[in-house]
């Protein structure tokens, strides 16, 4: 359906860089706001899967 090289890094490098920086920030700093939640890598992977096509 889509070419494998149509990754976010290739399509929008600026957005990809911002996401990577946020990921690093979350890993390197403690969040002291009680309402902040962290999604597990498994949930993030599922959200970015073909299951998303059901709601697109």
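No lab work stands behind these numbers, since they all come straight from the coordinates. Because the structure is a prediction, the values reported are computed rather than measured.
Taking the 0 to 90 degree range and rounding to the nearest ten, how far is the long axis of helix 13-28 tilted relative to the main principal axis of the chain, both from C-alpha atoms? With both axes taken from Cα atoms, the answer is about 30 degrees. With the gyration tensor restricted to C-alpha atoms of the chain, the semi-axes of the equivalent ellipsoid amount to 26, 17, 8 Å, longest first.
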